[in-house]
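Beneath this line is the structure, given in C-alpha cells, with notes to follow.
Rule-based calculations on the coordinates, nothing more; no lab input. None of these values were measured; they are calculated from a predicted model. Here the Cβ positions follow ideal geometry from the backbone for every residue, glycine too, while neighbour counts run over all protein chains shown.
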Amino acid sequence: MDASAPNPARHRVVALLGAPQAPFELACAAEAFGTERAGLPSHYDLTLCTRTPGPVPTTLGVPLLVDAGLEALERADTVVVPGWQPPGSPVPARADESLAPLLEWTEGHLGERLAVEDLAARAGLSGRTLARRFAEQLGTSPGQWLLARRVDAARALLEQTDLPVEAVAVRVGLASAVNLRRRFRAALGTTPGAYRRTFGSARVD
C-alpha cells in the first residue's frame, strides 16, 4: 500500500481553501487534524483542496500549491473551511436564494459571451438583486466573480494542455490573447506564458 495514501481506518478530513487563504486559520486545522506526533495515535487524514488546483493566493502574499480539486470533498468524513468573517457579516442565504445553480451553469458556459445581464436573466432576477445576492453570499460582484472564474479556467488549460494562448482565451470567454494577458497579469502578476512554463504539465513534442 502507498504510504502516502489515506488510511481508511482514519477519519478523513478535507480542508477547502479559498483565495486569499488566511494561513493562521489553515494552521489551526493542520494542527488539529494533520500533525502526527511520535508516540501518540493518529486518528485523522488531512487533505487540502481548492476549486482550481494549483497555486492559491494567501493573505501573506505567498501562494500555497494545492494539488486536490473539489472531487476530494466526495471522500471526506468531515469538511472544514479555514477562514474568518468579521462581526456583522451576512448570514448564509436560505436554500431558495442560493446562487449555486447559477454558478454551476455559468462555469459550464464560460466560453460563451456572457455578461452580468445574462446571469441576471438566467437567474430570473433584476441586476440589482443579483448584485446584492453576490455580495451577501460570495463577497464580490457578479462581474468580478465571472472574471475570476475565467482566469481560473485559463489557469487550468495552461497547466493541463498545450493549446495556444489565443485558443485558451477564446475557450474561457476572454476573446483574445491580448485580453487574457491583461487580465492574467492583473489577477496573478504574471503572463500566461510564464505561468505555463512554471506550472504546466503538458509538453509539446
Relative contact order computed over the range 11-80 (Cα-Cα under 8 Å; 6+ residues apart), in percent: 45 percent
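Give the order of Glu104, Glu136 when sorted by the count of other beta carbons within 10 angstrom, beginning with the fewest. Don't jump to the answer; show the numbers that get you there.
Details: Glu104 9, Glu136 15.
Fewest-to-most Cβ neighbours within 10 Å comes out as Glu104, Glu136.
Evaluate the charge dipole of the range 11-80 about its Cα centre and quote only its size in Debye, nearest 20, assuming +1 on the Cβ of each Lys and Arg and -1 on the Cβ of each Asp and Glu.
Values: 4 positive and 8 negative charges, 15 e Å.
The calculation lands at about 80 debye.
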Nearest-ten-degree value, helix 23-33 long axis tilted from longest Cα axis of the chain: 40 degrees
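Length gain on complete extension for the stretch Val79 to Arg122, per 0.36 nm per residue less the alpha carbon to alpha carbon distance?
Working: separation 43, 0.36 × 43 = 15.48 nm, distance 3.04 nm.
That works out to 12.4 nm of additional length.
So if each residue of separation counts as 0.36 nm, and I subtract the Cα-Cα distance between Asn179 and His11, what length gain in nm does that give? Don't skip to the answer; put the middle values down first.
Values: separation 168, 0.36 × 168 = 60.48 nm, distance 4.52 nm.
The Asn179-His11 span can extend by a further 56.0 nm.
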Cα-derived Rg over Rh, computed across the chain with Rh taken as Kirkwood radius: 1.00
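Using a ≥ b ≥ c from the Cα gyration tensor of the range 96-200 (square roots of the eigenvalues), is it rounded, prolate or oblate, where a/c under 1.5 gives rounded and otherwise the larger of a/b and b/c decides, a/b for prolate? List each step's numbers first, then the result.
Values: a/c = 2.39, a/b = 2.12, b/c = 1.13.
Cα axes put the range 96-200 in the prolate bin.
Indicate the gyration tensor shape class of the range 108-153 (rounded, prolate or oblate), computed on the Cα atoms with a ≥ b ≥ c the square roots of the eigenvalues: a/c under 1.5 is rounded; otherwise a/b larger than b/c is prolate and the rest oblate. Walk me through the intermediate numbers first.
Details: a/c = 2.49, a/b = 1.26, b/c = 1.97.
It is oblate, given that a/c is not under 1.5 and a/b is not larger than b/c.
Return the FRET efficiency for the residue pair Glu104, Arg37: r is the Cβ-Cβ distance, R0 is 35 Å, and the value is rounded to the nearest 0.05.
Numbers: r = 41 Å, r/R0 = 1.17.
About 0.30, to the nearest 0.05.
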The chain: angle of helix 177-188 to the longest principal axis, Cα-based, in degrees nearest 10: 40 degrees
